[in-house]
Amino acid sequence: MSTDLADNIRQLFIHLEPYQEWLFDLDNTLYAQAEYDHCIFTALEHWLGQQGEAVSGLARKMSAEKLRLGPTYPHLFDDVFAGFNLSPDIVSRAIEFYRDERPAFVSKNNLIAQIRANLQGRPLFIVTNGHTALQQHKVKCLGLDSLASKVVYCDKYNPEQLKPSRWAWDRLLADYQFSHPLYVGDSPATDGGFARNAGIDYYRFEYSYEH
């Protein structure tokens, strides 16, 4: 862990201390999403190899390009696969594999241990955008299904649910009373916007690491 990241984690928990309810984003906040990306890209490389494709190094290339281009870049598969001379047909099949595969995922870069040590009876809530089944898989692999009081999945296929909409906050209010909540997330636009729409405090934290 870099010195900067360790210091950022210390500052995060200092800031969290006075709040009574902790709410977190998932990807790149509670853990380094690059870990999961490397895991799924490795599974994808293995699957392509089984199809008879020459793809040695594809997982490393995809991980590096996703970090460089960002998580919302829409042509990652097309760009990287072109460099491996893979056909458009295999691109569509690979994207389907990427969306549907659920590899065993072990994270070494996350906030879970620190949260367990500092939660001290407070409720923990997670609000995450994305493919619901995939996000559920990550939550389970990270052990958050037993730690969080509630996880709200804002389904990618229902745009009105997605942060920065306050849709998830209304779901939480239906079941819980909040006294002094804080929402933590890596994106000022998406996560900060969600907090503003919900009328709660926001703290920006990004779990990034070099792998």
His15, His75, reordered so the largest accessible area comes first (probe 1.4 Å): His75, His15
Sulfur and carbon atoms: percent of accessible area, the chain [1.4 Å]: 48
Inter-label distance for Phe84 and Asp201, nm, one decimal - labels placed 7 Å from Cα along Cα-to-Cβ: 4.6
Residue-normalised accessible area of the chain, expressed per residue, 1.4 Å probe, Å²: 51
Other-chain or far-sequence residues with amide H under 5 Å of Asp186's (modelled H): Phe205
Probe 1.4 Å, all protein chains present, accessible-area order of Ser146, Ser63, largest first: Ser146, Ser63
The stretch 132-173: chymotrypsin sites (Phe, Trp or Tyr not before Pro) falling in loop per DSSP and having at most 16 other Cβ within 10 Å: Tyr157
Amide N proximity, the stretch 58-85 versus Lys156 label position 7 Å along Cα-to-Cβ, cut-off under 19 Å: 59, 62-81
Cα-based reach from Lys150 at 22 Å (exclusive), listing lysines while leaving out same-chain residues under 8 positions away: Lys138, Lys140, Lys163
In Hz, Karplus ³J(HN,Hα) per residue of the stretch 147-159 (6.51, -1.76, 1.60; θ = phi - 60°; x = Gly, Pro): 9, 7, 5, 7, 10, 9, 9, 8, 5, 3, 8, 10, x
Within the stretch 5-22: backbone nitrogen closer than 11 Å to the Asn109 label point (7 Å, Cα to C-beta): 5
Heavy-atom SASA rank of Asp27, Asp78 (probe 1.4 Å, accessible area, largest first): Asp78, Asp27
Rg followed by Dmax, in Å, when the stretch 100-142 is reduced to its Cα trace: 12.3, 37
Helix-only mean residue ellipticity at 222 nm for the chain, each DSSP H run of n ≥ 4 adding -39500 (n - 2.57), per residue, nearest 500: -13500 deg cm²/dmol
Spatial separation of Cα centroids for the stretch 92-111 and the stretch 3-49, in angstrom: 15
Percentage of interatomic Cα-Cα distances in the chain larger than 33 Å: 19
Distance between modelled label sites at Gln51 and Arg122, nm, 7 Å Cα→Cβ extension: 4.6
Residue among Pro164, Pro123, Pro88 with the largest mean-square fluctuation in a Gaussian network model of the chain, springs linking Cα atoms under 10 Å: Pro88
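The values are calculated or read from the model by the stated rules, or taken from the named source; none is laboratory data. Computed from a predicted structure; not experimentally measured. Quick reminder, even Gly has a Cβ in these numbers, built from the backbone with ideal geometry, and neighbours come from all protein chains shown. Quick note on the areas: whole protein, heavy atoms, side chains included, nothing else; ligands and nucleic acids left out. Shrake-Rupley method; radii C 1.70, N 1.55, O 1.52, S 1.80 Å.
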